[in-house]
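Notes follow the structure.
The values are calculated or read from the model by the stated rules, or taken from the named source; none is laboratory data. Small disclaimer: the values here were computed from a predicted structure and weren't measured. Backbone-built Cβ (ideal geometry, glycine too); neighbour counts: all protein chains shown. Heavy atoms of the whole protein, side chains included, go into the accessibility calculation; ligands, DNA and RNA do not. Shrake-Rupley method; radii C 1.70, N 1.55, O 1.52, S 1.80 Å.
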Amino acid sequence: MPVSLLALAMSAFAIGTTEFVIMGLLPQVAGDLQVSIPLAGWLISGYALGVAIGAPIMAILTARLPRKMTLLLLMVIFIVGNLMCALAYSYNFLMLARIITALCHGAFFGIGSVVAANLVAPNRRASAVALMFTGLTLANVLGVPLGTALGQALGWRSTFWAVVVIGFISLLALYTKLPAVKEEHPTNLRKELSALRGLGIWLSLLMTVCFAAAMFALFTYIAPVLTDITGVSPHGVSWTLLLMGVGLTVGNVLGGRLADWKLSVSLTLTFLLIALFSVLFSVTSHHLVTAEVTLFLWSAAAFAAVPALQINVVAYGKNAPNLVSTLNIAAFNVGNALGAWVGGAVIAGGLGLTMVPVAAGGLALLGFVLCLFTFRRAARKAAA
């Protein structure tokens, strides 16, 4: 794999860290800015909304720029946004800074994954995308816990200062290591938008929504399930999240190789495994060892779908790879919000924490059925 992929992975690590680390710093942020915890929680929702809305807008605005220049510009926006977070003097200013930071998120992952796929041979594209997204999984394994610890020790602003430094290093790595494609032609906006007319592309984006919804319906409420059902201590929850992070990383790598072999089989199988392990966790969550093993397998199955989903949406929208790849990141964030809402509705409805994994399994099963329908439709269309 080209060393330039590591520059993309480092950038993904920085972006992933700044997205999720705020969850561990909410008490510090709320106390310092004198707002309630629920109001501080809107900083997470504001970021997700910025990604969902900003991703296609940024993709269109930068469509005529060379891809390397676009990625460098997006990283500059990322650095400025985190600098504003570190200097935020009020809640409203911090919210604005989070939204500005989020503008680069979807476009960077969308365009970056297309660039990563084009750096290698066609039969290794999913693995290349998986390597880039390894930076995102490592953000959950290392970036979030280390950033949280730093913020708790030196103040929440120190975490964003650290991310600014990582952002500068990533920008330098992209500038020096990412090759510029001299024969690259400007993107045709009309051609990009016309590629969104087919049903296949929207079914593919809906797959991503189902995947993210299934994942975050459980992942959002994993801490209360572990503490209240499994009986894990707060310190033990951190170690469980670390174990899950390892599972995410392993699944991401294996999923890339599986997608390189057979994309349709990869997605169908991973959705089925996510559904299986989610429902199984509703039973195994009552015992520590079985709960930990199930969560590791669930994490591996979940992130095995990420490179396949990204490659799949580009395959259906091959005439608009940058736009559809970016829209896929927006779809992921829509699914993120939907999954968190479904899990919360299950709890608020009095069904109990053990039913949250069942609801997540139901969402994954919906994605499985959607996969069967989409790929069979494509096979019939190809035969015709």
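Summary of computed values
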read-out: Number of the exception - Ile201 against (1) open to solvent by less than 20 Å² (accessible area, probe 1.4 Å); (2) at pLDDT below 85; (3) within 24 Å of Gly343 (Cα to Cα); value: (3)
read-out: Residue ranges of helices (runs of 4 or more DSSP H) in region 1-62 with at least 2 members modelled with pLDDT under 80 and more than 22 Å from Ala162 (Cα to Cα); value: 37-61
read-out: Residue among Ala102, Ala116 that alone is crowded, with 18+ Cβ neighbours inside 10 Å and within 17 Å of Ala330 (Cβ to Cβ); value: Ala102
read-out: The one condition in (1) open to solvent by 50 Å² or more (accessible area, probe 1.4 Å); (2) modelled with pLDDT of 90 or more; (3) not polar (S, T, N, Q) that Ala180 fails to fulfil; value: (2)
read-out: Arg157 modelled with pLDDT under 85 and of a type in the set (Lys, Arg); value: no
read-out: Sole exception among (1) crowded, with 21+ Cβ neighbours inside 10 Å; (2) over 20 Å from Leu6 (Cβ atoms) for Gln152, by number; value: (1)
read-out: Any hit, region 42-60, residues being open to solvent by 60 Å² or more (accessible area, probe 1.4 Å), without any contact (Cβ under 8 Å) to a residue 40 or more places away in the chain and farther than 21 Å from Asn328 by Cβ; value: no
read-out: Sole residue being of a type in the set (Val, Ile, Thr) and touching a Gly at 6+ places or on another chain (Cβ under 8 Å), chosen from Thr101, Thr70; value: Thr101
read-out: Residues located in region 233-264, provided they are among the polar types (S, T, N, Q) and either part of a helix (DSSP H, G or I) or more than 20 Å from Glu292 (Cα to Cα) (or both); value: Ser238, Thr240, Thr249, Asn252, Ser264
read-out: Test for Leu171: is it open to solvent by less than 50 Å² (accessible area, probe 1.4 Å), among the aliphatic types (A, V, I, L, M), modelled with pLDDT of 90 or more and closer than 30 Å to Ala348 by Cβ; value: no
read-out: Val80 vs. criteria closer than 26 Å to Ala7 by Cβ, part of a helix (DSSP H, G or I), open to solvent by 10 Å² or more (accessible area, probe 1.4 Å) and assigned by the TED database to the domain that holds Leu6; value: yes
read-out: Any hit, region 262-275, residues being open to solvent by 70 Å² or more (accessible area, probe 1.4 Å) and either under 23 Å from Gly352 (Cβ atoms) or in contact (Cβ under 8 Å) with a residue 40 or more places away in the chain (or both); value: yes
read-out: Some residue of region 127-140 being in contact with an Asp or Glu (Cβ under 6 Å, 6 or more places away or on another chain) and either over 24 Å from Thr220 (Cα atoms) or aromatic (Phe, Trp, Tyr) (or both); value: yes
read-out: Cross-chain or 6+ apart pairs with Cβ under 9 Å, region 208-234 first and within 24 Å of Ala330 (Cβ to Cβ), then in a loop (DSSP other than H, G, I, E, B) and open to solvent by 10 Å² or more (accessible area, probe 1.4 Å); value: Tyr221/Leu353
read-out: Matching residues in region 207-244 - criterion: being open to solvent by 30 Å² or more (accessible area, probe 1.4 Å) and touching a helix residue (DSSP H, G or I) at 6+ places or on another chain (Cβ under 6 Å); value: Thr220, Tyr221, Ala223, Leu243
read-out: Number of positions in region 344-384 that are surrounded by 14 or more Cβ atoms within 10 Å (Cβ to Cβ) and either in contact with an Asp or Glu (Cβ under 7 Å, 6 or more places away or on another chain) or at pLDDT below 85 (or both); value: 4
